[in-house]
1. Under 23 Å between alpha carbons, and skipping anything fewer than 8 positions from B:Lys73 in its own chain: which lysines qualify?
2. If you place +1 on the Cβ of every Lys and Arg and -1 on the Cβ of every Asp and Glu, how big does the dipole about the Cα centre of segment B:45-166 come out, in debye to the nearest 20?
3. Measure off 7 Å from each Cα along the Cα-to-Cβ vector at B:Leu17 and A:Phe43, then give the distance between these two points in nanometres to one decimal.
4. Can you sort B:His285, A:His19 by how many other beta carbons sit within 10 Å, fewest first?
5. At A:Trp50 and A:Asn13, where each label point lies 7 Å from the Cα along Cα→Cβ, what is the point-to-point distance in nanometres?
6. Rounded to the nearest 0.05, what FRET efficiency is calculated for A:Val35 and A:Leu189 with R0 set to 41 Å and r the Cβ-Cβ distance?
7. Which is farthest toward the positive dipole end of segment A:1-123 among A:Phe43, A:Gln57, A:Met72, measuring Cα position about the Cα centre, with Cβ charges +1 (Lys, Arg) and -1 (Asp, Glu)?
8. Pop out the ³J(HN,Hα) list for segment B:92-102 in order, Karplus 6.51 cos²θ - 1.76 cosθ + 1.60 with θ = phi - 60°, rounded to Hz; leave Gly and Pro as x.
Amino acid sequence: MSARRTMHLDDANAVLDRHRNLFNGTPLQRAAAFVAPLGIAGFAIFAVWWLAIPFSQIGPGLASLAKFIALMFPPSTGGHLHLLLKAMGETLAIAFLGTLIATVVAFPISFLAARNTSPHAGVRFAIRRGLDTIRGVDALIWALVFVGVVGLGPFAGILAIAVSDTGALGKLFSEAIESTEERARESVLANGGTGLLAVRFGLLPQVLPIIAGQILYYFESNVRSATIIGIVGAGGIGLQLSEQIRTYDFDQVAFAVIMILITVAIIDWISSKLRFAIIGRRAVV
Amino acid sequence: MTSSILSVPQARLEVLLADYRREVGRRRRQSLLVLAILAILMVIAGRFGEVDLNNLVDNISNFTSYFGRILPKLSIANFGADVADWYWNVAGWLKLLLDTILIAYLGTLIGAGAAFMMAFFAAADLAPSKALRWSIKRIFEFCRTVPDLVFALMFVSAFGLGPLAGILAIAIHTFGTLGKLFTEAVENIDMKPVEGVRSTGSRFVEMVRFGALPQVMSSFASYTLLRFEINVRSGSVVGMVGAGGIGQDLFVAIRKFYYSDVSAILLMIIVCVAVIDLVTERIRHRLSGQDKHG
């Protein structure tokens, strides 16, 4: 062991002194570290009290849950495999078309909502708030509304996903546009290009890969949400699933769930392959 | 070509131009291919999705008029009374909204707590056992792929109507999503502190506590806050199947065409989500700021 290292090890106090600031938080930080967990726990206790959680139900509930799970095996199609397959196809169609429509609508809007391409701060503010409002309403509620507009069936689901995703994608796209490098656009402008050309050649190449990744990510998540909107009659496998749970046909529930799991796994696999092909190994948020 | 600043010989230029055209042509063909695939998928999906544009065009007036109908009738002359009329059940709805927030809170807390304990066993860089890691990852996947409403429906059957079913459904879904995010956060840490702790002969728990946890704590908190906001939104939906919260009233209002109630409840949910969004975003910015310093 070198002399230098020995000295350091012997002199633990010197080392401690050098890094004293790592150990001594301000009183405020210390108080926060103490109070924050207490506050979280306190609020949880208040929540349990306020909601009047019936603890006595947990035992029997778990027992009946175990019974349900026992009923799930072996999974069975209940004799209507083609119905389930069709419903799964519907689910995929809802997710695909919903995402597609949302993309087509959200893309132009996002330019109006991005700081660096918006024509006016007022326009930007109004569009941002509009997108927030759309996003604040769950897809299932949109589905309920659209069932009233176009009737029962997958079309209502497509429109519901399209609307609720327009809000989310519009926000994400505009953030992607805002985070672009200005220099590419400026150089197009400096070469005498119009604003439109600057966007086409200076901005689009930067955002397209990011946007493509986000679209794929949303498609994945929409496959998941399209499996439930059937509960309100907006098409897809959710209708069968909710009916089977209500009628306690748990073997069929298990089958439908397995179908969903496999489908989602395949879609995830395909889309992650595509995503890596487009943007490389980068996280998409 | 005296005015040209290019000093590339003509022959070389032609080669370069040909290269350029070939490259552009290749990309054009690629884009066309993608568009063609998209078009085919669209037609197939349109078939499956029973897309009926005529239906949409015929009924789109329903959609716009729907928003006309759910708008409250407010007049300036009688504003106070009109608002009071619109929010005739404000006390009851506020209580239900608080229920929803608390359901989301408890669900997030339980789900995040469970995910926190499992994430270190599922991360590739820390996991003590490969088999354990694989099975935890599959459990996460299962919990986030099965829709929370399906869990809610089952729990309503098992535990009875009420918030307990909603809390558990949200907790399970949160467990699945946060488990995945937490695991990824742990997989992205700098391994040097972990190795430092390991070299002192520590056990797994100490390795996690002193090597990994300080690196991931702020991103864990940030993900959890983001999930909380999402859960408030889905908490407003699980009520539709009887799992507590404001969703039940909203569902009834939409189904029974109590138009002004729909807008009143929706407005409350939107404002609530927006406020939570703002607050959590503040905290998250703080947390990520801390991350950069330390």
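1. Reachable lysines: B:Lys256.
2. 500 debye
3. 6.8 nm
4. Final ranking by Cβ density, sparse to dense: A:His19, B:His285.
5. Going from the A:Trp50 label point to the A:Asn13 one covers 5.3 nm.
6. Plugging the Cβ-Cβ distance into 1/(1 + (r/R0)^6) gives 0.20.
7. Projecting each Cα onto the dipole axis, the largest value belongs to A:Phe43.
8. x, 5, 4, 4, 5, 5, 4, 3, 4, 4, 5
Values in this text are rule-based calculations from the coordinates and carry no lab data. Here the structure is a predicted model, which means the values were calculated and not measured. All Cβ positions, even for glycine, are placed from backbone atoms using ideal geometry, and neighbour counts span all protein chains on display.
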